[in-house]
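The values are calculated or read from the model by the stated rules, or taken from the named source; none is laboratory data. Everything numeric in this text was worked out from a predicted model, so none of it was measured. Glycine also receives a Cβ, built like all others from the backbone with ideal geometry; neighbour counts cover every protein chain displayed.
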Amino acid sequence: MLHLRKGAWFFLMGRITAFGQAGKVVLIGLLVFAVTAPMFKVQAQSSLISLNKPAVALSTEDGSDPSLVNDADGSNNSHWASYMGAFQNTWVQIDLEGTFFIDRINVRNWVDGTRYYHYYIRGSLDGIHWYPIAGKSDDTPASESGDDHFVSTVARYVRVNVTYNSANQSAHISDLKVYGYPVAMSPAPPLAIEVATERGAYEAGGSVHLDVALRNKTTVPQTVAGVSAIVHGIDDPYYLREVELAANFIVAPGATATMNGMKAWDIPPDASNGAYGIFLKYTLANGEMWTDYQTFVRVTDDSELTVYQIDVHQYYGLDIFALDGGMSAEYAVQKAGEALSASVSHSWVTSAPGEGPNPVYATQEFLERSVQATVDFYNEQFGATTKFDTVIISTGVPSVPYVSRAMKAPVLPLQFLAAMSSVKELKAILDYSAAHGLSAYSTLGYDGSVTPGVAWLKLLDLPEAYKDFLNDHDVDHVVIMGSSGTFGESTAKELLDDGAVPGTVEPGDIFVMYPGGGTVYDIDQLTMKFRDLGEFQLEASYRLIADWESGVSPEQLTNFTASIQADTGVQAIDFVAGIDSLHLYEFASYVMLSFYKKNEAALSAEGPPVMGVALNPYLIAHPFYESKIRYVPFLFWQFGDVEYTVDVRLNQHLRDAIAHYFPEIDFDELHFWIGATHNFGRQLTADNYEARLIHNGLFHIEMNDYTADEVWDLSDGLNAPVEYAAHNLLAYSTPQQLKAWDASLQPLTLADLEAIPNVYPHISVTRQ
């Protein structure tokens, strides 16, 4: 019979009740032993432990070596200094050369009576995994005595990040003193931690509850003196709260203690929108203290997106698809909606006039929700069981909307774009996805169209929702599409923590991308947009992977193919690839020319099967409208070489392609529609391309209103290309007539697709 001493269950009921927590602790598969306070072994005397210990820094100004931060001189005469730069962040770090319980940290900046500094402090046991300790964000002037931070943590490394100096752009620390005593730590954490929140997004004023599981990995009982949740601002690194969840229990070898519904954070009503990291700290009776990042939550409101959305407007009965959030992959879903409904769509809602899309801010469930949002869009718009002969699984390569149009096929993205400001957010998304059956890896980087840092969450295997979609819609054929080469935005370094194996692509892998090939600008942008990137270990050397936006890895192709063949009724799979994105750009022209050729008789009833060329910059496309007016798409990157694009790609390659399919067409007499807009290329692009077309003897040029964004918004008149297209379609047809005309056209088959490389060998179409 088990006898409990008086007060032994205080941690289970009294303490939790005292904190107003609704949760309870359940101990699974173990004996519960009575424990009486104090559980900690007798503390050693705290003393200065940082004096003359090795110090390093992100950067150093001349004559202000990091070693001066913890020497015996605490005056202004002996100090570390570092230019904070445009990112307002630099750091100095001390190696305590052992693990210590730390109870006080004193930071003395440069003292002149008026200036003040902002900084935050982090700790680490291994120099790789960091956790918050303290910070200063108020405007109290630096003093001779410095700032005392009374803390409770165990660390070997202490790092101070300085983010602001009221006097100038340099960080200064004249003295960094750390107080504590040695602690013997196990080689590895004795307890494995699992933490889950009810959801990933919360509103200010709400409460965050946790489900916590602590599993004893050792062969001896572990006496837990306390468990705490630490909430630390990712976007606001000065926000730091710690809440005790439970105390005083023993976990037997191999057993698990679970704490469900534990209130970890009452979100302040005035909390800023952003990501907040959740760390779990547990302390053992022997003095060991382990702190580890677990996940994050986002405080948000209705003004922010956490999953992309496609709104459907009506214009005199014509569907108008309007994407908000996402980028090329999500854009492809919208364009597939256009292709399937004989309608039009814009590019995306802009974050500001002339700017890029609204960010889709990361939550743990981002990938899961994005996959489901895609499936729901098609099912809601076209029916949950409507038969699709072909489905495309693809990156957002600019040609995929035209493949969707020509094959009358939905597009299921194999990746989605999330905005974030830390590696921690991305790791949590990948961990959450894995726990919920979604195998994925990620590329991480920056994009000029989106202010925050971004990551492409890339599926490594087919999600169950996609398998169900293929089966529910009785799909016969699948086209997998993307760039297979490493030319373009492909320079990368892999994150090496948590067992990553260089040279492979595995679930949970993260590849940091350097679009410029590793330039100073690349590094500056990544440092600015991902505030914790310096806390993680990267490969020493650069490597090339499949293009960060358009690339398909061999592992993806293998896994997708195997899952489709094993778990769906799909009869055949083709893989469409280009060695780089430029060849996939040009593929759009050949796809539509093949489509026009197959339907030549129907098209010729209204005139020549080809009437013009649509010069579309990234990311402009009107696949249905262009097919109705019989224009061939010509896709280009608006920041590329204009002379090569027009003189070679258009006036030679495209001329030859049209001549192959339709030798009777006089290329010089075609109309050339320059599809740039205010948010895609602007007036300058249009002017440059107009001049170059004229230089090549091509004079039938159509222009847009280049002050207008490619956004569906009738409040300012019919000035965007999407608005022009909708108006023009309805000037000659009704929505019903457009659908009937579209139904009369035969889609391309896999055999038709496989024939295109005979004309354009820079693309491969391979039966799997």
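This table checks each residue for (1) among the small types (Gly, Ala, Ser); (2) not assigned by TED's automatic domain parsing to the domain that holds Asp709.
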| residue | (1), (2) |
| --- | --- |
| Ser541 | yes, yes |
| Ile545 | no, yes |
| Leu557 | no, yes |
| Thr568 | no, yes |
| Asp574 | no, yes |
| Glu586 | no, no |
| Ala621 | yes, no |
Wholly within the range 58-168, strands (runs of 3 or more DSSP E) carrying at least 3 residues that are among the β-branched types (Val, Ile, Thr) and touching a residue at least 60 places away in the same chain (Cβ under 8 Å): 90-108, 147-165
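Please state which one of Gly569, Gly578 is of a type outside the set (A, V, I, L, M, F, W, C) and in contact with a strand residue (DSSP E or B) (Cβ under 6 Å, 6 or more places away or on another chain). Steps first, answer last, please.
Values: Gly569 fails: in contact with a strand residue (DSSP E or B) (Cβ under 6 Å, 6 or more places away or on another chain).
None of the others qualify; the one that does is Gly578.
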Which numbered condition in (1) touching a helix residue (DSSP H, G or I) at 6+ places or on another chain (Cβ under 9 Å); (2) surrounded by fewer than 15 Cβ atoms within 10 Å (Cβ to Cβ); (3) aliphatic (A, V, I, L, M) is the only one that Ala731 fails? (1)
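Condition test on Glu506, is it crowded, with 18+ Cβ neighbours inside 10 Å, out of contact with any His (no Cβ under 6 Å at 6 or more places or on another chain) and outside the structural domain of Ala275 (by TED's automatic domain parsing)?
Numbers: crowded, with 18+ Cβ neighbours inside 10 Å: no; out of contact with any His (no Cβ under 6 Å at 6 or more places or on another chain): yes; outside the structural domain of Ala275 (by TED's automatic domain parsing): yes.
Answer is no for this residue.
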Show me the helices (runs of 4 or more DSSP H) found entirely inside the range 562-653 where at least 1 residues are crowded, with 23+ Cβ neighbours inside 10 Å. 581-598, 623-628
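Looking only at residues in the range 129-156 that are of a type in the set (Ser, Thr, Tyr) and crowded, with 19+ Cβ neighbours inside 10 Å, which one is nearest to Glu97 (Cα to Cα)? Show your work before the answer.
Going residue by residue through the range 129-156, those that are of a type in the set (Ser, Thr, Tyr) are 131, 137, 140, 143, 145, 152-153.
Filter again for crowded, with 19+ Cβ neighbours inside 10 Å, leaving 131, 153.
On the way: Tyr131: 18, Thr153: 16 Å.
Here the answer is Thr153.
Is there a residue in the range 700-712 that is assigned to a helix (DSSP H, G or I) and among the polar types (S, T, N, Q)? Working first, answer last.
First, pick out the residues of the range 700-712 that are assigned to a helix (DSSP H, G or I): none.
No, there is no match, as no residue in the range 700-712 is assigned to a helix (DSSP H, G or I) and among the polar types (S, T, N, Q).
Tell me, please, whether a residue that is among the small types (Gly, Ala, Ser) and within 27 Å of Ala201 (Cβ to Cβ) can be found in the range 392-404. Before the answer, list the steps.
Filtering the range 392-404 down to residues among the small types (Gly, Ala, Ser) leaves 394, 396, 399, 404.
Subset that is within 27 Å of Ala201 (Cβ to Cβ): 396.
Checking the range 392-404: at least one residue is among the small types (Gly, Ala, Ser) and within 27 Å of Ala201 (Cβ to Cβ).
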Could you tell me whether Ile267 is in contact (Cβ under 8 Å) with a residue 24 or more places away in the chain and surrounded by 19 or more Cβ atoms within 10 Å (Cβ to Cβ)? no
Residue in the range 726-744 that is closer than 30 Å to Ser563 by Cα, in a helix (DSSP H, G or I) and of a type in the set (D, E, K, R) present: no
Go through (1) touching a residue at least 12 places away in the same chain (Cβ under 8 Å); (2) in the same structural domain as Trp80 (by TED's automatic domain parsing); (3) more than 32 Å from the chain's Cα centre (by Cα) for Thr219 and report which single condition fails. (2)
Within the range 266-273, is even one residue over 30 Å from Thr350 (Cβ atoms), among the polar types (S, T, N, Q) and at pLDDT 95 or above? no
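Listed here are the residues, each with its yes/no results for (1) closer than 19 Å to Val505 by Cα; (2) surrounded by fewer than 24 Cβ atoms within 10 Å (Cβ to Cβ).
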| residue | (1), (2) |
| --- | --- |
| Glu380 | no, yes |
| Gly383 | no, yes |
| Val391 | no, no |
| Ala406 | no, no |
| Leu412 | no, no |
| Ala428 | yes, no |
| Asp431 | yes, yes |
| Val450 | no, yes |
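Condition check ((1) assigned by TED's automatic domain parsing to the domain that holds Ser594; (2) in contact with a strand residue (DSSP E or B) (Cβ under 8 Å, 6 or more places away or on another chain); (3) at pLDDT 95 or above; (4) not hydroxyl-bearing (Ser, Thr, Tyr)) across all residues:
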residue	(1), (2), (3), (4)
Tyr661	yes, no, yes, no
Glu669	yes, no, yes, yes
Gly675	yes, yes, yes, yes
Leu698	yes, yes, yes, yes
